[in-house]
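The values are calculated or read from the model by the stated rules, or taken from the named source; none is laboratory data. All of these numbers come straight from a predicted model, not from anything done at the bench. Here the Cβ positions follow ideal geometry from the backbone for every residue, glycine too, while neighbour counts run over all protein chains shown.
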Amino acid sequence: MTQLKIAEEMEQRMQALPAAIARMLQPRFPRAAAAVHRVEVDSPLILSLVVVCIAVTLLDSTVLPGVAARHLSVPPWQHFNPTDARHVLRLTMHAVAHSDWAHLHGNLVLVLLVGPACERALGARALLQIMGWTALASGVAHVAIAAPGNFALGASGLVFMLILLNSLLHGASGGKVPLTFLLQVLLWCSGEVAAQGRQLVAGSDGVSHLGHIVGACCGAYFGFKFHHPDGARRWWERGPAAWTKKRG
């Protein structure tokens, strides 16, 4: 199944969810059914991410305790086996696993704040690809650089990517650089770089600063790529091969 079909099917299923719930409620709770029927799924991809993250955390905290840390977190290179398919899968799946409900809550609040705007501007297919590349880049960077014993999990890399991507979607056309983007890099991302340096020297502080930095770099890259002069929006429709194609 192609990425386009996956994105289209996901959108259709999510958009049909309120109507399906309303039909279930209608026989016994008609007022509740009417209220649910008015709900619109305005951001299928972001809401799908939220549902998956909640489901994983729910399983981790109830019937499968510790599954996130044992099977979804990204280990440093000392514990990573590139020939094990389960370890390779962790390079992307770590983005949907969280250490506890507080960790999940902090990430989902930010995802819901900036994610829908990115999805409306780019579409579910393009944003799904960007999220996949960001999760992979964060995972690979953690394996390569992270301090020994530091295992990474969580959607914070996606959060940083979405925040910087969102700041560039509507203000970086014509070769301009938005001041808000520069302030975010100066005030927020610079702190993450400093924290990552301290982590490499003094050991882990329990936060994946490297994932934040990689996510921010991905958001900046794709945000500026969106405004590339060679038909920016067509690039998103043609996929990753077009984004990295060199100009003649």
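Against the definition (closer than 20 Å to V159 by Cα, surrounded by fewer than 21 Cβ atoms within 10 Å (Cβ to Cβ) and basic (K, R)), how does R90 come out, yes or no? Before you say what the answer is, go through the steps one by one.
Numbers: closer than 20 Å to V159 by Cα: yes; surrounded by fewer than 21 Cβ atoms within 10 Å (Cβ to Cβ): no; basic (K, R): yes.
So R90 does not fit the description; no.
Looking across segment 1-30 at every residue that is under 27 Å from the mean Cα position of the chain (by Cα) and part of a loop (DSSP other than H, G, I, E, B), the one that is modelled with the lowest pLDDT is identified as M1. Just give me the residues in segment 94-106 being of a type outside the set (S, T, N, Q), surrounded by 15 or more Cβ atoms within 10 Å (Cβ to Cβ) and not in a helix (DSSP H, G or I), in sequence order. Residues satisfying the conditions are A97, H98.
A search for C-beta distances below 6 Å between a residue of segment 6-31 that is closer than 18 Å to V51 by Cα and any residue that is at pLDDT 80 or above and assigned to a loop (DSSP other than H, G, I, E, B), counting only pairs 6+ apart in sequence or on different chains, returns M14/V41; Q15/V41; P18/V39. Can you tell me which residue in segment 153-202 is modelled with the lowest pLDDT, limited to those that are of a type in the set (G, A, S) and touching a Ser or Thr at 6+ places or on another chain (Cβ under 6 Å)? It comes out as S167.
The number of residues in segment 52-80 that are within 20 Å of the chain's Cα centre (by Cα) and part of a loop (DSSP other than H, G, I, E, B) comes to 3. One residue stands out in segment 47-67 among those that are of a type in the set (S, T, Y) and surrounded by 15 or more Cβ atoms within 10 Å (Cβ to Cβ): the one that is farthest from C118 (Cα to Cα), namely S61. Screening A146 on (1) in contact with a strand residue (DSSP E or B) (Cβ under 9 Å, 6 or more places away or on another chain); (2) modelled with pLDDT of 85 or more; (3) not charged (D, E, K, R) shows it passes everything except condition (2). Considering (1) surrounded by 13 or more Cβ atoms within 10 Å (Cβ to Cβ); (2) under 24 Å from R13 (Cα atoms), the lone condition that V109 does not fulfil carries the number (1). Contact map, segment 105-119: residues that are among the acidic types (D, E) paired with residues that are in a helix (DSSP H, G or I) and crowded, with 16+ Cβ neighbours inside 10 Å, Cβ distance under 6 Å, separation 6+ or inter-chain. Pairs shown: E119/L45; E119/I46; E119/L127. Scan segment 203-214 for residues that are touching a strand residue (DSSP E or B) at 6+ places or on another chain (Cβ under 7 Å), farther than 23 Å from F226 by Cα and modelled with pLDDT of 80 or more and the total you get is 0. When segment 149-188 is filtered for residues that are assigned to a loop (DSSP other than H, G, I, E, B) and under 19 Å from V214 (Cβ atoms), the ones remaining, listed by number, are N150, F151, L153, G154, A155. Which residue, of L91, L49, is among the aliphatic types (A, V, I, L, M), in a helix (DSSP H, G or I), in contact with a helix residue (DSSP H, G or I) (Cβ under 6 Å, 6 or more places away or on another chain) and touching a residue at least 12 places away in the same chain (Cβ under 8 Å)? Checking each option against the conditions leaves just L91. Among the residues of segment 31-46, is any surrounded by 14 or more Cβ atoms within 10 Å (Cβ to Cβ), touching a His at 6+ places or on another chain (Cβ under 6 Å), at pLDDT 90 or above and not in a loop (DSSP other than H, G, I, E, B)? No - not one qualifying residue is present in segment 31-46.
If you check L127 against the conditions, is it of a type in the set (A, V, I, L, M, F, W, C) and either over 29 Å from E8 (Cβ atoms) or buried (at least 21 other Cβ atoms within 10 Å of the Cβ) (or both)? Considered against the rule, which asks whether it is of a type in the set (A, V, I, L, M, F, W, C) and either over 29 Å from E8 (Cβ atoms) or buried (at least 21 other Cβ atoms within 10 Å of the Cβ) (or both), L127 comes out as yes.
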